[in-house]
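Every number here is computed from the coordinates shown, using simple stated rules; none is lab data. The shown structure was predicted, so the numbers you read here are calculated from the model rather than taken from an experiment. Here Cβ is always computed from backbone atoms with ideal geometry, including for glycine, and neighbour counts include all displayed protein chains.
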Amino acid sequence: MRVLIVGSGGREHAIAASVAKSPRVHKIYCAPGNAGIGQIAECVPIGAMEFERLTAFAKQEQIDLTIIGMDDPLVGGVVDAFEAEGLRVFGPRKNAAILEGSKAFSKDLMKKYHIPTAAYENFDDANSALAYLETARFPIVLKADGLALGKGVLICNTLEQAKEGVRSIMLDKQFGTAGNRMVIEEFMTGREVSVLSYVDGKTIKTMTSAQDHKRAQDGDQGLNTGGMGTFSPSPFYTAEVDAFCQKHIYQATVDAMAAEGREFKGIIFFGLMLTDEGPRVLEYNARFGDPEAQVVLPRMKNDIVEVMEACIDGRLDTVDLEFEDNAAVCVVLASDGYPVRYDKGFAIRGLEKFDGREDCYCFHAGTKLDADGRFVTNGGRVLGVTAKGADLREARANAYAAAEWIDFDNKYMRHDIGKAIDEM
Ligand code: AMP
Ligand code: GLY
């Protein structure tokens, strides 16, 4: 088979590494990819939003399966564009990717189908949002409706902060058109867990759990980022929590989408909060998490291509998902200054230490080759070092040991990824 992957981050590198393990695949392309992905796939300089060029490439190269890694093209309808050309593609259509693309849509869906989530109101104009705040309880959570690089959520402790937040989202358009509508919702407390799943329109099969660390600095301080590291499984995701979510959240979401005429095929990523009153949905994503994929996929025993084809063909009920009985930790090596301002173009040393290893991986996020063919930094998140271990403590020790093999100027990482497990 010939496979095309669309995207350019650590998540797409992890997907490519899984696809490369499939005995059925003999050629992988990635658009646009990055320098690390280029070691196992042929990178083609086509942007993820260039739908016409992507479908033309897939036809010309006789691609058997295209996998969309990123949210923007999914929400923009890339799957519809591929299907219109008769091409096989893994991911939700535009009318289903709205589950991630509009928070107001997903909140209304959960309310209509009694899926547990925070209480909320949706707003189309700033004045009614500001009026609503006068009677609200604090802290309160403001969310821009559309995609905002994971940054469109503001947690406000006071009325003044919240008013300022509404103005910046809806009037100043801090997150662009994502802020044409907004959700204001109840603040919840508890542990956060990410559960990713494969969906074929009717059947849903969940993967092993994971947890992300979104803040830039140790101790969950500093600004929100795309994710500074992950671990899998989450020790807080117990059999009891799983039973509740299987009964009230996962299948209910898939059935709700089908009932709305928005059959969902692809990945649903459930962002959950384990509150005192039970698990609640924080958010849905319509794709693998980044860097959740970097700890979940290396532990999956199945052939990823077979699972994805089963989703496309509506026969996921015949697949048994299997995960290794171990743990994985991913530590993101970033450029100092991320997520605000950082320099790029520094040489990366030590990558060869990962060659041929099965217990640890160095997934590239922001790298490129310079004119001399050397790997250099090319983004805020540069690399994701993932290691496995018999349990989380061992995986964490292994990941931090491997993170030391890599060296580049302005290298920055958190030192407490997976530390929550020490509190157990
Ligand atoms: P989201 O992009 O919706 O996942 O939100 C980003 C982050 O904001 C989440 O990972 C939570 O840490 C936090 N958050 C979102 N919604 C709430 C809520 N209702 N209560 C408390 N924290 C929240
Ligand atoms: N790591 C969070 C996300 O991918 O949305």
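Annotations
- Shape class of the chain from the alpha-carbon gyration tensor: rounded, with the ratio a/c of largest to smallest axis under 1.5.
- Residues of type aspartates and glutamates that residue 247 reaches as a straight line, Cα spacing below 14 Å, ignoring anything fewer than 8 places off in the same chain: 255
- Among the listed pairs 103/411; 107/301; 112/214; 368/411, those beyond 26 Å (Cα-Cα): 103/411; 107/301; 112/214
- Applying both filters, DSSP loop and at most 16 other Cβ atoms within 10 Å, to the GluC sites (Glu not before Pro) of region 95-173 gives 134.
- Cα centre as origin, Lys/Arg/Asp/Glu Cβ charges: region 180-324 dipole, Debye: 220
- Cross-link partners for residue 27 among the aspartates and glutamates, with Cα-Cα distance under 12 Å and sequence neighbours closer than 8 places in the same chain left out: 42, 61, 64.
- With 5 Å bins from 0: P(r) over region 288-358, alpha-carbon pairs, percent: 3, 11, 14, 17, 17, 12, 9, 9, 5, 1
- Highest average packing first - 201-210, 371-380, Cβ atoms within 10 Å: 201-210, 371-380
- Highest-first arrangement of 43-51, 318-326, 284-292, 384-392, where packing means the average Cβ count within 10 Å: 284-292, 384-392, 43-51, 318-326
- Cubic angstrom per residue, convex hull over Cα atoms of region 369-408: 75
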